[in-house]
Amino acid sequence: MLSFFKTLLKSDTQRTLDDIRVTIDILTEFESEDMGQLLCIATAMRNKYSLEMARGLIIDPVTFKKAAPKDRTNEMLRKTKRLQDQGMLLDAAAAKIWLHTMQTCDHPDLLPFGKLMWSQIKRGVPYVNSGWTQLILQDSSVSDWNLSGFDLVPLCFRDEAV
């Protein structure tokens, strides 16, 4: 019976890892300028979500998840799927970044993949201002977004944290 649960947990981790690898492959193909737009959306999402939850910033996913770890991850998974269903693919990609961030930060086997994902995302930092301008041209309500801390990498992926 114990081996069944170990297999079940391993397969769940393997599915997560496979999805993270696909995400990293897709991010690798993004032009740096496009990564600036994705980083804008991910930052605005982090800031908005952190305020709504009022229990901690996603910038420190380990602390953020501690209150209700499964709920937080499941909530972000639902958000990702809902955005995909609505055809908001860049927003869904940003939500997926936070989903994978929460999944990898406190999982030693997955942590290197989270770092790799964020090394790709960081390519967008120099392009955040132009990305924001492009997003505003598509939707003027974007100008109200809070992009503070767009250059912050989650604590668990910073070199000094690993």
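Overview of values
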quantity: One residue from Leu51, Leu39 being at pLDDT 90 or above and on the phi < 0 side of the Ramachandran plot; calculated: Leu39
quantity: Selection count, segment 143-160, where residues are within 17 Å of Asn47 (Cα to Cα) and either in contact with a Pro (Cβ under 6 Å, 6 or more places away or on another chain) or in contact (Cβ under 8 Å) with a residue 12 or more places away in the chain (or both); calculated: 11
quantity: Residue in segment 143-151 that is more than 19 Å from Glu75 (Cα to Cα) and touching an Asp or Glu at 6+ places or on another chain (Cβ under 6 Å) present; calculated: no
quantity: Segment 131-147 - residue that is of a type in the set (A, V, I, L, M, F, W, C) and in a helix (DSSP H, G or I) and, of those, surrounded by the most Cβ atoms within 10 Å (Cβ to Cβ); calculated: Trp132
quantity: Residue among Arg46, Arg72 that is at pLDDT 80 or above and surrounded by 14 or more Cβ atoms within 10 Å (Cβ to Cβ); calculated: Arg46
quantity: Candidates Trp118, Trp132 - the one that is in contact with a Pro (Cβ under 8 Å, 6 or more places away or on another chain) and at pLDDT 90 or above; calculated: Trp118
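One line per residue, one yes/no per condition, for (1) assigned to a loop (DSSP other than H, G, I, E, B); (2) among the basic types (Lys, Arg):
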position	(1), (2)
Gly87	yes, no
Ala95	no, no
Lys115	no, yes
Asn129	no, no
Gly149	yes, no
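The values are calculated or read from the model by the stated rules, or taken from the named source; none is laboratory data. Quick caveat: nothing in here was measured; it's all calculated off a predicted structure. Here Cβ is always computed from backbone atoms with ideal geometry, including for glycine, and neighbour counts include all displayed protein chains.
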